[in-house]
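Q: Sharing a structure here in structure tokens format.
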Ligand SMILES: [Zn+2]
């Protein structure tokens, strides 16, 4: 069975002498594993489009649940990521997040679009990396079913909580004086407004917000800590990005 699909390469591992084992986020089948035979051989026609963090069109052959890449051409190489080790590392973190929060064999157009838009913004240096990272993380959590409730203080109901804090395990906000036990991240009015924007903005305008440096620091901490707390795991690519940025 042949299937032509668009696919983002989330992960690429060398296999045997010249093959690549790929984790792909495809438009038709969601997250799948596929083998690209001979992709590392000189002159291979599938070499370019089967590289990590490349978006391409692929013809896949499926047999008893196993996929092989027959043809592959590049749609978007995200070239800007390949000349900057820190931006490439951050792109790999986005890919690891997408892999962790997507479901095998289940197409998810919104999740794929978020990944592509974030890699594009990073590649074109449209915003500072941590601005893109925070918006990606928070929006990803919303799409994956972990949307925090940012509307009002969970204790007193105030829609403009005083010295707002985000409760990481419960995913709600409260005023500092209303806080309960548990891990929290301190926000401020500006970073809370940005979070509210990110959870509800149209996909194409996700990054179109402005923040002072201090507020961006708080937003960054909140988005990252929230993702790590809710997923209950570590991301090797995140540690790596922090070591090279
Ligand atoms: Zn309150």
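Every number in this text was worked out from the coordinates using simple rules, so none of it is lab data. Note that the structure is a prediction, hence the values are computed from the model and not measured. We place every Cβ from the backbone using ideal geometry, glycine too, and count neighbours over all the protein chains shown.
Q: Can you give the percent of C-alpha pairs in region 2-77 whose distance is more than 14 Å?
A: Tail fraction, whole percent: 52.
Q: Can you order the peptides 124-133, 110-119 by their average number of other Cβ atoms within 10 Å per residue, highest first? Intermediate values should be presented prior to the final figure.
A: On the way: 124-133: 17.1, 110-119: 20.3.
Order by mean packing, descending: 110-119, 124-133.
Q: Using mean Cβ contacts within 10 Å as the protection proxy, how do 201-207, 9-15, 44-50 order, highest first? Spell out each step's value before the answer.
A: Values: 201-207: 12.9, 9-15: 17.1, 44-50: 18.7.
Descending mean neighbour count gives 44-50, 9-15, 201-207.
Q: Further question: Take the alpha carbon atoms of region 65-127, find their center, do the same for region 161-207, and report the distance between the two centers in whole angstrom.
A: Using only Cα atoms to place each centre, the spacing works out to 27 Å.
Q: Using Cα pairs under 8 angstrom and six or more residues apart, how large is the relative contact order of region 132-209, in percent?
A: Details: 108 pairs, mean separation 22.0, N = 78.
28 percent.
Q: Using a simple spin-label model with points 7 Å from Cα along the Cα→Cβ vector, what separation in nm is obtained for residue 232 and residue 86?
A: Modelled inter-label distance: 3.4 nm.
Q: Show that you can apply the helix-only estimate: for the chain, add -39,500 (n - 2.57) for every DSSP H stretch of four or more residues, divide by all residues, and state [θ] at 222 nm to the nearest 500. Could the numbers behind the result be given before it?
A: On the way: 6 runs with 87 residues, N = 245.
So the helix-based figure for the chain works out to -11500 deg cm²/dmol.
Q: Further, regarding this structure: Taking the square root of 5 times each eigenvalue of the Cα gyration tensor, what semi-axes in Å does the equivalent ellipsoid of the chain have, largest first?
A: Working: eigenvalues 278, 62, 43 Å².
That gives 37, 18, 15 Å for the three semi-axes.
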